[in-house]
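Dumping the structure here so I can ask a few things about it.
The values are calculated or read from the model by the stated rules, or taken from the named source; none is laboratory data. Here the structure is a predicted model, which means the values were calculated and not measured. Here the Cβ is made from the backbone with ideal geometry for all residues, glycine too, and neighbour counts use every protein chain on show. Note: areas computed on protein heavy atoms with side chains; ligands, DNA, RNA excluded. Shrake-Rupley method; radii C 1.70, N 1.55, O 1.52, S 1.80 Å.
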Amino acid sequence: MQINAIILKVIEMNETFLVNENGANKLKKFYSEYEVESKNEYIVFSAKLKHCSVSLYTSNKVLFQGNDIKEETRIWRLDPDFTSTSKTPVSKKVVSAILPQCGSDEVGTGDYFGPVCVCASYVDEKVYVQCESLRITDSKVLTDEYIREVAPKLLEIVPHSLLILDNEKYNKVHEKMNLNAIKSYLHNTCYVHLSKKLGALPPLCVVDQFTPETSYYRYLDGSAEIIRSLHFETKAESKYISVAISSIIARYAFLKAMDKLSEIYGMNFPKGAGPHVDEFASDFVSKHSIQELNKVCKLHFKNTQNIQ
């Protein structure tokens, strides 16, 4: 609840605009007497006023941030150099509100075939600016073609931790743990690895919630290392850029794994768990045996019972 309050407060105190060259020059001239030095390589101009700060980025994004920006931004909303280009209030793009941040998400848990992939990603101002030109949103609303295009770029830009639990190991682990317990373990392990990679995690680390917080930590009882103080929120992939990035990277890993299965068995593995999957599974067993099915699917799904 405390984190939610902080997020709402930050959103109210931020607003961004995209400006053209003329607008950028006008902004710098207007705030010249308040100019301060910025160590951020992506900020070309920074001004500090009593009630707010103004930052102009190399991408021509202008960020107003402070306790009272309503009147300050009002004068710019009326300026044609600002309104002539697309204006994006931060309230519609929560992902830019709190940086740095980490976020985690998983892919593959609803698919009969293929592994479970979990990723945790770190985003600070530098990473955010590098990702601005990319269409970052929940992987479920992106095409697989676009994910294949954008994920390799994210893998180079974004500090992350990615875990892939293949089907054979998944089936073995599931004999002792339910799906939510498995996901809790994988999310926690991603954060443990990312913490070591970064040296320390930021105050805001978001889990796209799949189980209540109390259950999540109960599943982790007995683990050697547990990352605590996480923020749990449903549909977080549409609210936090770090979670959205994690969903894309995890989806990409899942797609690559499905490609590999198709290559190994000479069959085009379907996604999901519908009737079309039942038909494919029956065909797979007839060609490769029921024993081989253990290596490519999640056996506890009802699809296994429907194999003919």
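Which of the residues that make up the range 249-308 are β-branched (Val, Ile, Thr), assigned to a helix (DSSP H, G or I) and surrounded by 20 or more Cβ atoms within 10 Å (Cβ to Cβ)? Reasoning before the result, please.
Start the filter on the range 249-308 by keeping residues that are β-branched (Val, Ile, Thr), which leaves 249, 264, 277, 285, 290, 296, 304, 307.
Of the ones still in play, those that are also assigned to a helix (DSSP H, G or I) are 249, 264, 277, 285, 290, 304.
Residues satisfying the conditions are ILE249, VAL277.
Same structure, new question: Looking at ILE226, is it surrounded by fewer than 20 Cβ atoms within 10 Å (Cβ to Cβ) and either touching a residue at least 40 places away in the same chain (Cβ under 8 Å) or not in a helix (DSSP H, G or I) (or both)? First the steps, then the outcome.
Values: surrounded by fewer than 20 Cβ atoms within 10 Å (Cβ to Cβ): yes; either touching a residue at least 40 places away in the same chain (Cβ under 8 Å) or not in a helix (DSSP H, G or I) (or both): yes.
Considered against the rule, which asks whether it is surrounded by fewer than 20 Cβ atoms within 10 Å (Cβ to Cβ) and either touching a residue at least 40 places away in the same chain (Cβ under 8 Å) or not in a helix (DSSP H, G or I) (or both), ILE226 comes out as yes.
Same structure, new question: Output the number of the condition that ASP208 fails; it satisfies all remaining conditions of (1) open to solvent by 60 Å² or more (accessible area, probe 1.4 Å); (2) touching a strand residue (DSSP E or B) at 6+ places or on another chain (Cβ under 9 Å); (3) within 28 Å of THR304 (Cβ to Cβ); (4) not polar (S, T, N, Q).
Checking ASP208 against (1) open to solvent by 60 Å² or more (accessible area, probe 1.4 Å); (2) touching a strand residue (DSSP E or B) at 6+ places or on another chain (Cβ under 9 Å); (3) within 28 Å of THR304 (Cβ to Cβ); (4) not polar (S, T, N, Q), the one that fails is (1).
Evaluate the following for ILE69: is it modelled with pLDDT of 80 or more and open to solvent by less than 60 Å² (accessible area, probe 1.4 Å)?
Numbers: modelled with pLDDT of 80 or more: no; open to solvent by less than 60 Å² (accessible area, probe 1.4 Å): yes.
Spelling it out, it is not the case that ILE69 is modelled with pLDDT of 80 or more and open to solvent by less than 60 Å² (accessible area, probe 1.4 Å).
For ARG218, are the conditions met, namely being open to solvent by 40 Å² or more (accessible area, probe 1.4 Å), modelled with pLDDT of 95 or more and either over 25 Å from TYR112 (Cβ atoms) or in a loop (DSSP other than H, G, I, E, B) (or both)?
yes
So which residues in the range 151-167 are over 14 Å from GLY108 (Cβ atoms) and either open to solvent by less than 50 Å² (accessible area, probe 1.4 Å) or in contact with a Lys or Arg (Cβ under 9 Å, 6 or more places away or on another chain) (or both), if there are any at all?
Quick first cut of the range 151-167, residues over 14 Å from GLY108 (Cβ atoms) only: 151-161.
Passing the criteria: ALA151, PRO152, LEU154, ILE157, VAL158, PRO159, HIS160, SER161.
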